[in-house]
Amino acid sequence: MIGTPRNPPPLFSIVVPMLNEAGSVEPLAREIAAACAPLGAFEAIFVNDGSTDATSERIAALRAEFPWLREVRHARPCGQSAALRTGVTAARAAIVCTIDGDGQNPPAEIPKLLAPLLEGRPGLGLVAGQRIGRQDSASKRLASRLANRLRARILHDGTSDSACGLKAFPREVFLALPFFDHMHRYLPALVRREGLAVELVDVAHRARCSGASKYTNTGRAVAGLRDLLGVWWLLHRRRLPQITHSDSTHPEAARENP
């Protein structure tokens, strides 16, 4: 059996949003096991975003072989950002890595993203994958290139590929960010807004192995423009205080331990 036992607390959690991608469940689980088992105890949370195919049954069939595999299921589709937040909220580890459920992100890249966070690098809020050699249609690559250029020009987030599904971050950092639909596409800008560092890592990309794209180029463009303006507003409304003094003991703790 490949994987880790049930007892040790996970060192990190893998969150995988899935919508009607039953065909990628087993390949992803096996690749995650091979990539993550050498790093220590872990868990993988497959967030079933209201699938109507056999996604749930495929996950259940693997639970006996992979006790670290968990499913969290939405009653109906809520979108990738909601699925990610559900998974991160359910995660038991302090470090989380996300990966798309369509198989286009190779799980073998996960250790590269986790390494800086497992080292405990101070001030690091996000390690973001940057896809090279993208295996998408020409129209999707063109639309993505134009959107990335516009986003980078307006947000100055320092990344050329903010929508890559491979990302790693401290759980508490993600949960402190403002939540909205499609927020997963703006994590570098949102994390930098909190005064934290973002590290970029080149990752491979491959053809989809299951399911179909949940977005059209037109739909993505309309939603993206609205979201871009909203994130721009958020960035310009943030004021980070400079703390010059903080007592080491919280007043509530002092009353409990006189």
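The values are calculated or read from the model by the stated rules, or taken from the named source; none is laboratory data. Just so it is clear, the structure is predicted and the values come from calculations on it, not from any experiment. Here the Cβ is made from the backbone with ideal geometry for all residues, glycine too, and neighbour counts use every protein chain on show.
When you check residue 99 against the structure, is it in contact with a Leu (Cβ under 6 Å, 6 or more places away or on another chain) and at pLDDT 95 or above, yes or no? In short, yes. Scan the range 74-93 and give yes if some residue there is over 14 Å from the mean Cα position of the chain (by Cα), of a type in the set (Lys, Arg) and more than 17 Å from residue 43 (Cα to Cα), otherwise no. Looking for residues that are over 14 Å from the mean Cα position of the chain (by Cα), of a type in the set (Lys, Arg) and more than 17 Å from residue 43 (Cα to Cα), one finds at least one in the range 74-93, hence yes. Within the range 46-66, does at least one residue satisfy the condition of being among the acidic types (Asp, Glu) and within 22 Å of residue 172 (Cα to Cα)? Within the range 46-66 (the criterion being among the acidic types (Asp, Glu) and within 22 Å of residue 172 (Cα to Cα)), the answer is no, since none of the residues qualifies. Going through 114, 126 one at a time, which residue ends up being in a helix (DSSP H, G or I) and buried (at least 20 other Cβ atoms within 10 Å of the Cβ)? Going through 114, 126 in turn, the sole match is 114. Restricting the search to the range 162-188, which residues are within 22 Å of residue 110 (Cβ to Cβ), touching a residue at least 60 places away in the same chain (Cβ under 8 Å) and not in a helix (DSSP H, G or I)? Of everything in the range 162-188, those that are within 22 Å of residue 110 (Cβ to Cβ), touching a residue at least 60 places away in the same chain (Cβ under 8 Å) and not in a helix (DSSP H, G or I) turn out to be 165, 166, 167, 168, 169, 170. The residue that is modelled with the lowest pLDDT, among those in the range 200-213 that are of a type in the set (D, E, K, R) and surrounded by fewer than 16 Cβ atoms within 10 Å (Cβ to Cβ), is 206.
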